[in-house]
Amino acid sequence: MLDTVTRIWILATRAAAHVGRSKARVGWIIVLATFGVDRLFVNRDVHEVAFVLISVVLAYIFLPDVGPDIERAVGLSSLWLRDATQLRTTVDSARLRLATVELLRSFLSPANANAAWVFGCLPFLTLEEQPERVLSDFRYEIHVDPADDARTYTATTSLSARRILPTPSLWVGLARTTDALVDEYITSGCILRELVPVEQSLWDELAFSGKFAATLTVERQRYVGRLDRQSNDLIRLLFDEVPVSVEPRETTLLCKFVIPRATRMFPVKLASYFCHGRTEISFTIAEPVRTLGVFVSMAGLQPQDERGESADIRARSASIKVRSKADALLWPGSGVVFVWTLPNGESA
């Protein structure tokens, strides 16, 4: 309920807006003329007619665009004068959501309005409760080098972004199977997950041989991942006692793992994150290749791709980069897949 001062101010504002209209001036003439007749003829019947006529004309002057429900009129008028904080504190969230849907329907067809609400507004409302799902100025660099054992590549990745860290227990998940990898997507503490599809015997050999490692730097504070074997198909590199943040902080995550030497593709999937600002993903392989390409799927926009490729088959390395615009907003599900072939024609 509005206080008295606010009601008087709203009515005064409405009066100032309408008193100068040409039709309002006619109304004032009718009011003055009726008042004069009422004073001239001292008669009860004339007085009652004059009172009704003056009331109707005054309502016409001051409330020309609303119905007879003055309380509702004042309430609606004041709604547009409130800022976001006032709306949050005076109107419950359910009513605000309904009002937003109706506003969309005033601009769009019902089907498009519903789609805009479900696919455009609701995800951002969810982010109010899960701000850790936003990565700003995301940069991911992958370097692949042939390992000494001829069975694997050594993959070294660097992930930099401004992000909120929601829990003091964070980790990198390395999974041997896709089933084990999927489980890592449903836990908020997992800040990076990679698939290492090697044979069980090689997995067991690599588990504690120093081939898996990770470090996390948060605002110059460095944390070293502690290896913890969760199951036969899942290893976690745990970061203990990382301070929880409510504001985004600069973070850099370095990770080392292996992939089979027969691999000819490297996917990067932003399955559950929004990426705001410039997003940059690059891939380098320290091995002679015949071709190196990338499949790009950036949900939410058409990205400005900047790609480079070494065409010399005798070169020791090749690299390629994908970069979005500086003000981009990429939606969950965005990603790229890097693919390459060797000089002898081997491909994925």
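Only the coordinates and a few stated rules stand behind these numbers; no lab work does. Quick caveat, the model's predicted, so the values are computed rather than measured. So basically every Cβ, Gly included, is an ideal-geometry build from the backbone, and we count neighbours across all protein chains shown.
So the values come out like this:
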item	result
Residue-wise HN-Hα coupling along segment 170-184, computed from phi with Karplus coefficients 6.51, -1.76, 1.60 (Hz; x: Gly, Pro)	10, 7, 9, x, 10, 10, 7, 10, 5, 4, 5, 5, 4, 4, 6
Residue exposure sequence - Met265, Met298 - by fewest surrounding Cβ within 10 Å	Met265, Met298
Built amide H within the under 5 Å cut-off of Gly333, gap 5+	Leu270, Ala271, Ser272, Tyr273
Alpha-carbon Rg with Dmax, taken over segment 133-341, Å	16.9, 50
Sites matching chymotrypsin sites (Phe, Trp or Tyr not before Pro) across segment 168-241 that sit in DSSP coil, with at most 16 neighbouring C-beta atoms within 10 Å	Tyr185, Phe208
Packing-based exposure ordering (other Cβ within 10 Å, fewest first) of Phe274, Phe41	Phe41, Phe274
Karplus-derived 3J(HN,Hα), 6.51/-1.76/1.60, for each residue of segment 247-261, Hz, glycine and proline x	10, x, 10, 6, 10, 9, 10, 9, 9, 10, 7, 10, 9, x, 5
Amide H partners (placed H, <5 Å) of Arg193, local residues excluded	Gly173
Derived scalar couplings ³J(HN,Hα) [segment 117-132; Karplus, 6.51 cos²θ - 1.76 cosθ + 1.60; whole Hz; x for Gly, Pro]	5, 5, 9, x, 8, 4, x, 6, 5, 4, 5, 4, 8, 9, x, 5
Order of Val198, Val144 under a 10 Å beta carbon neighbour criterion, fewest first	Val198, Val144
